[in-house]
Structure formats: C-alpha cells, structure tokens
Amino acid sequence: MRRLLNARPRGGGRLLLGLLPIAILILLYLVASQARHAENPRDKILPTPAAMAESMEIMALQKDPRTGEIPLAADTKASLTRLGIAVGAAAATTLVLGLSIGLLPYARAGLGPLVATISVIPPIAVLPILFIVFGLGETAKIVLIFVGITPFMVRDLASHVAAIPEEQIVKAQTLGASTWLVALQVALPQAMPRLIDSVRFSLGPAWVFLISAEAIASDVGLGYRIFLVRRYLAMDIILPYVAWISLLAVIIDLALLTWSRTAFRWAHAPGGRR
Amino acid sequence: MTPVLSFRNVWVEYGDHVVLEKVSLDVAPGAFVSIVGPSGAGKSTFLRLALGQEAPSRGEILLDGAPIPAEPGPDRGVVFQRYSVFPHMTVLQNVMFGARCDQAPLTGLLMGADRRQAKAEAVAILEQVGLSAALKAFPRALSGGMQQRLAIAQALITKPRILLLDEPFGALDPGVRLDMHELITGLWREHGLTILMVTHDIKEAFKLGTRVIAVDKRRHDPHAPKRYGSTAVYDFPLDDKQKTAIPREIAALGARD
C-alpha cells in the first residue's frame, strides 16, 4: 500500500474531487432551504433557487423606473470602475516606488521607513479621514482602496527587485547600461510578473475596502446594493449578488494570470509550479 | 607597453579586518592571468576592485594608465559563476543588450539599420560560442554550460579592454568544463583578449593562464586571524612547457583549500 503522501489524483478524477465539496455545500443548502420552507412557506433567510431567479430577473433584466437603469448593470459598472481606477493607480504607483526602492540605495533610505510605517495603518481606520477630506463622492472610495493595497504592493515589489542577483545588475553596467536602462530593461521586465501576482493577491483586500466604502456612503454599487436590501432581509438578492461578485473576482484573476503567462512566458516554467 | 590593468600597492581593509595588503600587479595586454588561492583569501576581492564594485582603502588601480572609474563600465567585461545572463531576454536579446545600451541610451530599443547590424554582430558571436541554434531560447531552457557560453558572448560584444572571469566554470560538469576551456582559449587567441580569471581550480589556472598568481596570507597571527591580509605570494609567468607541471608550493596551497 502506497503512503497517502504519494497518492495523486489524476485527470478527470482530480476535477471531480474538486467539484465534490462544492456540490455537497449546494446540496446542503437546498436541503436546509427545503426544510425551512416546509415549515414556513414565506421564509426569507434561505430562499429557494426559484425565488432567487425571480428576484434577479428584476435586478438584472428590468430597468429601475426611478433611475432608468438596470440595477445589476449599474452596480457592476460603478463598482468595477472604482476598483479599476484604484487598482490601476496602485499598480502604477507600485511600479515607480517599488523599482526606485528596490534599485536605488538613496530611495530605499529615504522612502523605505515611510512605506513601512504607512503599511501598518489599518486602512479602514483612516476611512473617516478620507470622507472628511474627499467628501462622500467617488474619490474617497477610490482612495480607500488605493491606501489599503498600495503599501503592501510597494514593499513586495521593492523586495523582489532588490532580490535580483547583483551579478545581473553589475553585468548590465559592464554592458554600458545607465541607471535608467537598468531600471527600464533589466528590472522592469522582471518586476512585471511579480506585480501582476501582487495585484492578484491584492484584489481580495481591494474588494473588501470597496464594499466597505460602498456600504457606508454610496448610492450605487454592488456593496451598496447588498447592504441596502439587507434591511428587508432580502437574501434572495444578497446571495446572487455575492455569487456575482465572486464570479467577477475569479474572471479578473484568470485574466491577469493569462496575461502574465502569455506576455511573460520566461517567468513561467513549462508545467512548473507557477 | 602600458599594462591594461595595474594594481599599485593596493590595500583593502574593513576596520581591523585586512583582506588584501600591499598588492601590486600589472596585467600586460594579451595576457591570460589566473588568480588562485584558498577560499576566503580574497580572490574575488580582486575582481570586485577591478570592476569598481569596491574601492581600495589605500593604493590605486589603473586601467590603461588612468585611474579606473569607481563603478562598472563597458571597458571591463565580466562573466560570473552564475546569474550573468538576463532571464527575461532570449539568447539573441541578451547578446544585443550591449549594442542597445550603447546606441539607444533612452529607450534601449534599436530600429532599422542599427538593429540589423547589431543583430548580425550578435549572431556572428553566438555562432563562435556555438549557440546559433538557440537564438530564440530563454536562458532557463539552456544548460549551465550553454548559459556560460551566452554570458561570454554577451560580454565580448562590447569589446572590453579586459575580460574578468569569476569562477566562470566552477558550477559545470567536468566534461563541459573541458569544452569551455577550449572555447575560452580559442576566443582569447582569436579576439586578442586580455583576461583576468579567478578560480579555485589550480589545474585550470595553469592550463589556461599565461601567468598564474597565487593569493594567500604571508603572515598569520593565530590570535588575530584578521590582522594580516592576503597578497600575491607567487607569480608565475608560464610558457607552454611549464604548463604541464604545477609547482609544488602552489599544489600545497590547493591542498589546504
């Protein structure tokens, strides 16, 4: 008998094994929902799939007579815009700061402690400050996400750039590269796959900050909607919205991974762990 | 003839720790100088000094009679034991990097005729080192020996005044190492290179070099091991006959390693 350590699932079996826990959870939900509805046909806590489909038809296909927009589409657009601007700005800032701190001893001495200090501040704690400074509009929400994820990303990228072997940096200089060319041609391309990874990991916290900000002050957005309908115990809307947010997160993650694999082929071992 | 590289009474000290003391050395044009010595004797410090990665505490280092710049530059090429090539560039891009830095200091990108010429030169040198079949491969797809061939081709493209080799074949299998010895000797003759090689392999040092310099401490105080630094304790100019026999005092140095 082989040790359990060495037994590996293969091919279809592996896929099936991965789907099994998900199927069990869905089944458990259906059974529980059925049981509650048997007791009370108007139960709101565990809505049936039919009820969820009915509510989502209103949210996803019909225009809100007040705003003239489809709620799900408007919420998705607003949330993704906020997320996109914030994460884009965070990535751009990270590239500039991470490369500088990773490559230049003067930048490391000057900015390292500041970034380290900022990164220990809990972002939600500064949300009131952001609302006071930037008002309750879009800016405060975008800044919250930016403040929440940038320091971590900068530190991660800076340490990755600083870990480029010194041999490479010296070699580049013996081939005539200036500081600028070392940054542009040696460090930047090697930083990109790591930055994409870092964005992928930061998207989790970014969603948390987005939904928190939308829950507190907003009039449109995925987070705003689920906190709004919470007042009516509308689980038939909340659950599909959560599923939709998860689906968006998975799609964004896969898109980033695919980009990294195609544009930075050298960084991904064929069939390797990354 | 002005030596390509000279060390004039060079000392390297970190506080009380003396690494090198009183090192004076001239490298003549066209010489292949091997530096050998036990681990920790400061062999690599020679290369760091020549590269400008480190400055001597006392004394001076001259390149073609002028003080060397205090940082690495295209006049001194280098091949390290590892990590000498850029993992994100193909073989061809790695070799063209020197031309790109030289001719496109702003973007690092070449266009049109410049690009074609740089590419032709790179392809020619890659052919000499035996990599013409792998132009589009990334370094991770190459064996250790092939990566070192690439690193050498990359260093030669800028036509450095002196080529510095830091244990260049130390991580290779014995068979591959022999191939590399042939390659570097051929390139040295063909391009009229001046080479300074640091190695811990004494046989290799004698086989390849036209001159072997052994680095070790002349004096040793067991109560203060850092008090005295290393210097060039033996300096053998070699002709072809001598290349077969390794002097006994040098062999003893290797046995201590």
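Each 10 Å bin from zero holds the following percent of Cα-Cα pairs in the stretch B:171-232: 17, 39, 24, 16, 5, 0. Under a no-solvent Debye model with one identical scatterer per Cα of chain B, what's log10 I(q)/I(0) at q = 0.08, 0.10 Å⁻¹? Log10 I(q)/I(0), no solvent term: -0.33, -0.52.
Report, as a whole number in µm² per second, the diffusion coefficient that Stokes-Einstein gives for chain A at 10 °C and 1.306 mPa s using the Kirkwood radius over alpha carbon pairs.
Numbers: Rh = 22.1 Å.
Approximately 72 µm²/s, per Stokes-Einstein.
Rounded to the nearest 20, the size of the Cβ-charge dipole of chain A about its Cα centre is 940 debye, with Lys and Arg at +1 and Asp and Glu at -1. Placing unit charges on the Cβ atoms only, positive for Lys and Arg and negative for Asp and Glu, gives the protein assembly as shown a dipole magnitude near 960 debye about its Cα centre. Helix A:105-119 and the long axis of chain A differ in direction by around 20°, with both axes built from C-alpha atoms. Relative to the longest principal axis of the Cα atoms of chain A, helix A:11-39 runs at roughly 40 degrees. The stretch between B:Glu71 and B:Arg219, if pulled fully straight at 0.36 nm per residue, gains 50.1 nm over its current Cα-Cα span. Going from the residue with the fewest nearby Cβ atoms within 10 Å to the one with the most, A:Asp253, B:Asp235, B:Asp216 rank B:Asp235, A:Asp253, B:Asp216. Positive contributions from Lys and Arg (+1) and negative ones from Asp and Glu (-1), summed over other residues with Cβ under 13 Å from the Cβ of B:Met111, come out at +3. Under the criterion of Cα pairs below 8 Å and six or more residues apart, the relative contact order for chain A equals 23 percent. Using every pair of separate Cα atoms, the Kirkwood estimate puts the hydrodynamic radius of the protein assembly as shown at 28.2 angstrom. For the stretch B:1-111, the alpha-carbon coordinates run over 50, 33, 27 Å along the three principal axes, in decreasing order. In chain B, the longest principal axis of the Cα atoms and the axis of helix B:112-128 are about 50 degrees apart. Of B:Lys43, B:Lys226, A:Lys171, the sequence from fewest to most neighbouring Cβ atoms within 10 angstrom is B:Lys226, B:Lys43, A:Lys171.
Along the positive direction of the dipole of chain B (beta-carbon charges: Lys, Arg +1; Asp, Glu -1; about the Cα centre), which of B:Tyr234, B:Val36, B:Thr90 reaches farthest? Positive-most Cα among the choices belongs to B:Thr90.
By the count of other C-beta atoms within 10 Å, a proxy for reagent exposure, A:Leu80, A:Leu247 are ordered fewest to most as A:Leu247, A:Leu80.
Can you give the helix-only mean residue ellipticity at 222 nm for the protein assembly as shown, where every DSSP H stretch with n ≥ 4 adds -39500 (n - 2.57) and the sum goes over all residues, rounded to the nearest 500 deg cm²/dmol? Present the calculation step by step, with values, prior to reporting the outcome.
Working: 17 runs with 285 residues, N = 531.
Helix contribution divided over all residues of the protein assembly as shown: -18000 deg cm²/dmol.
Taken together, the values in this text are just the output of simple stated rules run on the coordinates, not laboratory data. Keep in mind it's a predicted model, so treat the numbers as computed, not measured. Note: ideal-geometry Cβ built from the backbone for every residue, glycine included; neighbour counts use all protein chains shown.
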